[in-house]
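Undergrad: Before I ask anything, let me first share the structure, which is written out below as structure tokens.
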Amino acid sequence: MDPDRSAKWVAFAGVHEMVRPEIVLGFHSLCLVKPADDGNRHMGSLYDDGSIDWWAAYDDLYEALRGL
């Protein structure tokens, strides 16, 4: 998917950290994001407006895909 979209970390305390996606893989309403400045893959919700709220991080692609 086009990486030109808003992606933010959703924390219980209400703190949101924005990331710049390098790669976005969409799977219905879920997605995996690889930030441009981070080696992890982040799982999150993909919304109709193209924005992403992510809540989990994985060190490798295999584990991230299993998490879906």
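Bear in mind that the values in this text are calculations on the coordinates, not laboratory data. Model, not experiment: these values are computed from the prediction. Methodologically, a virtual Cβ is constructed for each residue, glycine included, from the backbone with ideal geometry; neighbour enumeration extends over all protein chains shown.
Undergrad: How much length, in nm to one decimal, is gained on full extension between Glu17 and Ala56, taken as 0.36 nm per residue of separation minus their Cα-Cα distance? Can you show the working numbers first?
TA: On the way: separation 39, 0.36 × 39 = 14.04 nm, distance 1.29 nm.
Computed gain between Glu17 and Ala56 is 12.7 nm.
Undergrad: Among the chymotrypsin sites (Phe, Trp or Tyr not before Pro) in the stretch 1-65, which ones are in a DSSP loop with at most 16 other Cβ atoms within 10 Å of the Cβ? Mind listing them? It would help to have the intermediate numbers written out before the result.
TA: Details: sites: Trp9, Phe12, Phe27, Tyr47, Trp54, Trp55, Tyr58, Tyr62; in loops: Phe12, Tyr47.
Answer by residue number: Phe12, Tyr47.
Undergrad: Rounded to the nearest 500, what is the 222 nm mean residue ellipticity of the chain from helices alone, with -39500 (n - 2.57) per DSSP H run of 4+ residues and division by all residues? Intermediate results must be reported in sequence, preceding the final value.
TA: Values: 1 runs with 7 residues, N = 68.
Counting only the DSSP helices, I get -2500 deg cm²/dmol.
Undergrad: Check each of the GluC sites (Glu not before Pro) in the chain and keep only those in coil by DSSP with at most 15 other C-beta atoms within 10 angstrom; list them in order.
TA: Working: sites: Glu17, Glu22, Glu63; in loops: Glu17.
Passing sites in the chain are Glu17.
Undergrad: Going by the alpha-carbon gyration tensor, a ≥ b ≥ c the square roots of its eigenvalues, is the chain rounded (a/c under 1.5) or, if a/c is not under 1.5, prolate (a/b greater than b/c) versus oblate?
TA: rounded
Undergrad: Further question on the same structure: Place a +1 charge on the Cβ of each Lys and Arg in the chain and a -1 charge on the Cβ of each Asp and Glu, then give the dipole magnitude about the Cα centre in debye, rounded to the nearest 20. Before the final figure, lay out the partial values.
TA: Working: 6 positive and 12 negative charges, 23 e Å.
Dipole magnitude for the chain comes out near 100 debye.
Undergrad: Quick one: work out the % antiparallel among DSSP beta bridges in the chain, nearest 5.
TA: On the way: 18 of 21 bridges.
Taking every DSSP beta bridge with both residues in the chain, the antiparallel ones total about 85 percent.
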